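Visitor: Dumping the structure here so I can ask a few things about it.
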Amino acid sequence: MEPQKPNKVELIKENSRYLRGSVEEELLQETPNFSEDNAVMLKAHGMYQQHDRDVRGGQKLHSFMIRWRIPAGQLSADQYLVLDNLATRYANNTLRLTTRETIQFHGAQKGELRPLLQSIHEILLTSLGACGDVVRNVTACPAPFHNRARVEISGYAHQISEHFLPRGNAYAEIWLDGEKLDLSGTAEQIEPFYGKTYLPRKFKIAITYQGDNCLDIFTNDVGLIAVVEEEQLMGFNVLVGGGLGMNHTQPDTFPRLSDPLGFVEPERLLEVLEQIIAVYRDNGDRVSRKHARIKYLIHAWGVERFRAELESRLGYKLAPSVALLPFEHHLHLGWHDQGDGQWFLGLSIENGRIRDTEEVQLKRALAEIAHKFQPSFTITANQDLLITNLPPEAQLPVETILRAHGVRLPRELSQVRMHSMACVALPTCSLAITEAERVLPAVIDDLEKELAQLGLQDEPITVRMTGCPNGCARPYVADVGLVGRSLNKYSIFLGGRSDGTRLNRPYKDLVALEAIVPTLQPLLAAFRDERREGESFGDFCVRVGFAGLEALPVLPSRGQR
């Protein structure tokens, strides 16, 4: 049997001269966009070429989304203020917090890319490796509680991020200093880990503190759970093979939670990660990008075969995973004592969009706080923002600034709103089938009313919406997942667990946007009346079963009562 040909992206990477393509040449042209092949190259530089899908017919209005690489989501006040200023100058005057603890700019123009990236470089940030077939932004539990092990966890996120950056120098050549690298050497000399074709697909690594599932740790390609005894970091339980992307019409694509692989001491972490990724690099599917994530390799091989291959490369066996306490899902919102004399405030940022409107000037408020108090900032995997390292006496002044700009504090928000999340979707994402970020707030408005009517306003029900089945807002581990199916219609998934250990399942297909809340209403009423003590909505749906949920009587909507 003849070997199958690599997919188109693999050929583009192989012939790209280590991610250069002809990006630099096209950057000098006056056209508003890059060619298709170079648009693929841009992803490795942290950019997506997009167009405004609200504009119908005629010439496409191109722009660029740039995603910054911010390990552990941590920013200084100065870095945040520069990002705020650059978003005003070059993007659409908004900062979009992402589920990978980083920031995206939307709406940048081609001629603005080089000065924008150079300005970012000056504050020690980069977009290199934030997208593309490499190790992406490394996330870590954002809570800044004063704890030696937590500080070490954050340090490992930065160390891993730096370790797996591409080394081929294309980014610096094109966007920064222009100094050319001699490409006459071997792949091992120029790009010693990734090689000419890099990874088969993107690779996501997350590090969490034991018992805290704020990152949805089981959804990552590799998840690292810190094992801590009396504030001493003993090592990490390693999980492998998670990922959420799927396709509605291809049943051989599916979301998957990761499997336990073993325990690793801190001093061996980098070498173990290297070999895990190397096994994937050398054996992942380079024919079909739909099956190129490591989850499909683990699914095909089984974790035992994968572990055996890993251990043969390492030259030693991994220790068994350490038994740990169950996970809980923490948002880290509100005021918290860090334990070092300082405090942090976790702010709920609806769908991660920092902007100013007539009613709420969130962007101005955060800039004022950054100027006045010089705190640090940490982005969370729930698209929220922690304002950290504040003195105790700053609490009232910070709240005063927020209130003056119309920003509501977490204690003034419903549980369902704080636990909701949406991807960007339309009008910029090329994969979006339907809306997400722009319509979820109205869905939550209606859901809030129903939950209040049912007396469930204090119930932490997770609702996550995506404009396509790729799962960027992690809908498949939520109590309620709303996944774009066709124009203004969604698949409703039910039954995830907040501790991240169970995927939800499709409950109803092709549900119109306006029918989402009426569809959930009888289920929520039954949950109120029939739930067991301590049972979550997702657990209730699984216990009753979808057939039992289907048999529930449809209640009149709030407006019909």
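The values are calculated or read from the model by the stated rules, or taken from the named source; none is laboratory data. Source: prediction; values computed, not measured. Heads up, the Cβs are rebuilt from the backbone with ideal geometry, glycines too, and the neighbour counts pull from every protein chain shown.
Visitor: Go through (1) surrounded by 21 or more Cβ atoms within 10 Å (Cβ to Cβ); (2) aliphatic (A, V, I, L, M); (3) under 25 Å from the mean Cα position of the chain (by Cα) and name the single condition I369 misses.
Guide: The number of the failed condition is (3).
Visitor: If you scan the range 247-258, which residues turn out to be outside any loop (DSSP other than H, G, I, E, B) and surrounded by fewer than 21 Cβ atoms within 10 Å (Cβ to Cβ)?
Guide: Result: N247, Q250.
Visitor: Sticking with this one: Of everything in the range 479-537, what is more than 19 Å from A547 (Cβ to Cβ) and among the β-branched types (V, I, T)? Give them in sequence order.
Guide: V483, T501, I516, V517
Visitor: Would the range 462-470 turn up any residue that is under 30 Å from R411 (Cβ atoms) and not β-branched (V, I, T)?
Guide: yes
Visitor: Another question about this same structure. Taking the conditions exactly as written (modelled with pLDDT of 95 or more, touching a helix residue (DSSP H, G or I) at 6+ places or on another chain (Cβ under 9 Å) and in a strand (DSSP E or B)), does F64 satisfy them or not?
Guide: Criteria met by F64.
Visitor: Only one residue in A478, A425 is at pLDDT 95 or above, of a type in the set (A, V, I, L, M, F, W, C), on the phi > 0 side of the Ramachandran plot and surrounded by 24 or more Cβ atoms within 10 Å (Cβ to Cβ). Which one?
Guide: None of the others qualify; the one that does is A425.
Visitor: Moving on to the next point. Could you please give the count of residues in the range 189-210 that are within 30 Å of E328 (Cβ to Cβ) and assigned to a loop (DSSP other than H, G, I, E, B)?
Guide: Looking only at that region, the number is 3.
Visitor: Would you check which residues across the range 495-519 are part of a helix (DSSP H, G or I), touching a Phe, Trp or Tyr at 6+ places or on another chain (Cβ under 9 Å) and surrounded by 21 or more Cβ atoms within 10 Å (Cβ to Cβ) and list them?
Guide: Across the range 495-519, the qualifying residue is only I516.
Visitor: Of these, T400, T357, T378, which one is at pLDDT 95 or above, within 18 Å of Y80 (Cβ to Cβ) and β-branched (V, I, T)?
Guide: Being at pLDDT 95 or above, within 18 Å of Y80 (Cβ to Cβ) and β-branched (V, I, T) holds for just one of T400, T357, T378, which is T378.
Visitor: Can I ask one more? With the structure loaded, tell me whether S161 is under 25 Å from the mean Cα position of the chain (by Cα), without any contact (Cβ under 8 Å) to a residue 60 or more places away in the chain and either more than 28 Å from A473 (Cα to Cα) or not assigned by TED's automatic domain parsing to the domain that holds A381 (or both) or whether it fails that test.
Guide: No: the conditions fail for S161.
Visitor: Would you check which residues across the range 539-553 are within 23 Å of M465 (Cα to Cα), free of Cβ contacts under 8 Å to residues at least 60 places away in the same chain and surrounded by 13 or more Cβ atoms within 10 Å (Cβ to Cβ) and list them?
Guide: D539, F540, V542, F546, L549
Visitor: Please go through the range 428-460 and give me each residue that is closer than 15 Å to F537 by Cα and not in a helix (DSSP H, G or I), ordered by number.
Guide: G455, L456, Q457, D458, E459, P460
Visitor: Restricting attention to the range 17-52, and to residues there that are within 23 Å of the chain's Cα centre (by Cα) and part of a loop (DSSP other than H, G, I, E, B), which single residue is surrounded by the fewest Cβ atoms within 10 Å (Cβ to Cβ)?
Guide: Residue satisfying both the conditions and the ranking: D52.
Visitor: Hey, among K5, K13, which residue is more than 15 Å from E112 (Cα to Cα), buried (at least 19 other Cβ atoms within 10 Å of the Cβ) and touching a residue at least 24 places away in the same chain (Cβ under 8 Å)?
Guide: Just one listed residue meets the conditions, K13.
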